[in-house]
Amino acid sequence: MKLKEFAKQLGLSPTTVSRALSGYPEVSEVTRARVVQEAVRLGYRPNVNAVRLKTGRVGAIGVVMGRAGEFHFAEFMAGMAERLITEDTDILVIPMANPESDDEMQLYRRLAQSQRVDAIIMHSPRPNDQRIALLHELGMPFLVHGRSDIDVPHPWLDIDNEGAVRRATSHLIDLGHTRIAMINGREGATYALHRDIGYRSALQSHGIEVDPQLIANGNFTDELGFRFARSFLEQPKRPTAFVAGSMMTALGIYRAARSLGLQIGSDVSVIAHDDVFPYLTADNMVPSLSATRSSMRAAGTRCADLVLQLLAGRSPTEIHELWPVELILRESTGPVRALQT
């Protein structure tokens with residue numbers, strides 16, 4: 001089926017259909033969704049070669065994959081794939097042992113020179129991230145998953161990490177906890193800095209002094225979560241509650257508490273951040289885990305959509321999305337008066 005025939009079936013102009021399938025922002029979301037749905041139903045696919053000749057695009061988005069956070073990366077990529085499946089746009093995954101290094105800077109230069117991708121999605125930004133400055137200088141369309149304070153205009157999508165951790169910590173304080181440990185993400189990443197600000201501001205607003213001995217940073221793994229939690233719980237004056245950066249970290253905290261004969265929810269309270277992994281759910285943990293919640297897969301879907309909008313001509317300065325994070329209370333949190341400290 002050709003474009004004109006497909007457009008006639010929908011009662012729309014070929015231009016509107018073409019722009020809807022290309023993600024142009026001036027086409028309403030309702031119209032775009034209808035066009036995509038009918039394209040799937042009728043089996044219509046634009047001529048890829050014709051589209052690429054017309055637009056000058058190669059039909060690929062680049063994403064750098066580091067060794068840490070593979071579970072988060074897999075969910076993000078699944079969300080991207082869900083959005084791009086009808087767009088004749090591929091995902092170029094570039095494995096890298098040391099992301100955020102000179103190697104990654106060189107990679108971006110090569111990608112811009114070779115024109116292997118139309119755009120790049122950048123992860124785990126830092127406050128003064130020179131990757132953003134480089135991509136801007138190269139003229140390469142890009143989107144940042146996260147935020148940076150660098151004085152370079154850039155499009156971004158992020159969750160409210162500061163507000164999420166402030167709310168989680170405040171809830172634990174409301175339950176009577178004052179010895180609250182936090183196991184955060186990698187030191188220096190903007191999201192980890194924002195979470196640290198939320199944690200400290202919650203404590204300080206309640207007149208509780210921040211104890212550096214109850215703060216740890218590292219990759220989100222069960223093993224690191226166990227090691228950090230075990231060291232905190234073996235302190236003479238142990239914490240009665242934890243704020244964990246991820247579900248994997250929470251698994252380690254659960255394991256550490258049990259290794260010392262402590263019960264989650266009665267001896268130790270835990271709140272973690274849940275990126276909504278289908279294979280690790282807060283409801284199915286024993287006891288069920290209280291968590292701040294924001295879907296990594298949904299973020300991947302939206303980031304892919306925003307990149308398509310950038311490629312269709314939307315201004316990068318218009319794309320600044322901050323997603324709120326919900327707090328869901330379950331069995332892993334309880335009042336401090338019930339704990340044996």
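May I ask you to derive the FRET efficiency for LYS8 and VAL210 from their Cβ-Cβ distance with R0 = 41 Å, giving the value to the nearest 0.05?
0.05
Test of understanding: extend the Cα→C-beta vector of GLN235 to 7 Å, then name every residue of region 166-180 with backbone N under 14 Å from that spot.
Flagged as within label range: 178-180.
Within the accessible area of region 51-178, what % is carbon and sulfur when the probe is 1.4 Å and the other protein chains stay in place?
49 percent
Please work out the C-alpha center-to-center distance from region 80-98 to region 107-162 and express it in whole Å.
Computed from Cα coordinates, the inter-centre distance equals 16 Å.
For the chain, with every protein chain kept in place, what is the accessible area per residue (1.4 Å probe, Å²)? Kindly include the intermediate steps, with their values, before the conclusion.
Details: 15920 Å² over 341 residues.
Each residue of the chain exposes 47 Å² on average to a 1.4 Å probe.
Around ILE328, which amide H atoms from residues at least 5 apart in sequence, or from another chain, sit under 5 Å from its own amide H, with H modelled in the peptide plane?
Placed amide hydrogens put ALA291, THR292, ARG293 under 5 Å from ILE328.
Residue by residue through region 276-285, which ³J(HN,Hα) values in whole Hz follow from phi under the Karplus form 6.51 cos²θ - 1.76 cosθ + 1.60 (θ = phi - 60°), with glycine and proline marked x?
Karplus values, whole Hz, x for Gly and Pro: 6, 7, x, 9, 8, 10, 5, 5, 8, 6.
Out of [x] 43, 22, 17; [y] 44, 31, 15; [z] 33, 25, 17, which label holds the value of semi-axes √(5λ) of the Cα gyration tensor in Å that was computed here?
Matching entry in [x] 43, 22, 17; [y] 44, 31, 15; [z] 33, 25, 17: [x].
Would you tally the net charge around GLU38, using a Cβ to Cβ cut-off of less than 14 Å, leaving GLU38 out, and scoring K and R as +1, D and E as -1?
Details: positive: LYS8, ARG32, ARG34, ARG41, ARG45; negative: GLU5.
Net charge around GLU38: +4.
May I ask you to rank GLU326, GLU87 by accessible area, largest first, using a 1.4 Å probe over the protein chains only? Don't jump to the answer; show the numbers that get you there.
Numbers: GLU326 90, GLU87 25 Å².
Putting GLU326, GLU87 in descending order of accessible area: GLU326, GLU87.
Mind grabbing the accessible area of LEU42 for me, 1.4 Å probe, Å², rounded to tens?
That residue has around 60 Å² of solvent-accessible surface.
Give me the number: length gained by fully extending THR31 to GLU82, i.e. 0.36 nm times residue separation minus the C-alpha to C-alpha distance, one decimal in nm. Write out the running numbers ahead of the final one.
On the way: separation 51, 0.36 × 51 = 18.36 nm, distance 1.86 nm.
So the extension gain works out to 16.5 nm.
Please list, in order along region 211-228, the HN-Hα scalar couplings obtained from phi with the Karplus expression 6.51 cos²θ - 1.76 cosθ + 1.60 (θ = phi - 60°), rounded to whole Hz, x for Gly and Pro.
After applying 6.51 cos²θ - 1.76 cosθ + 1.60, I find 9, x, 6, 10, 10, 9, 10, x, 5, 7, 10, 4, 5, 5, x, 5, 5, 5 Hz.
For ALA312 and ASP151 in one chain, what is 0.36 nm times their gap in residues minus the Cα-Cα distance, to one decimal in nm?
Separation in residues times 0.36 nm, less the Cα-Cα distance, equals 55.5 nm.
How much of the accessible area of region 251-341, probe 1.4 Å, is carbon plus sulfur, in whole percent?
Exposed carbon and sulfur together represent 51 percent of the surface.
The values are calculated or read from the model by the stated rules, or taken from the named source; none is laboratory data. This one's a predicted model, so the numbers in the text were calculated from it and none came from an experiment. FYI the Cβ positions are ideal-geometry reconstructions off the backbone, even for glycines, and counts take in every protein chain you see. Surface accessibility is based on the protein's heavy atoms, side chains included, excluding ligands, DNA and RNA. Shrake-Rupley method; radii C 1.70, N 1.55, O 1.52, S 1.80 Å.
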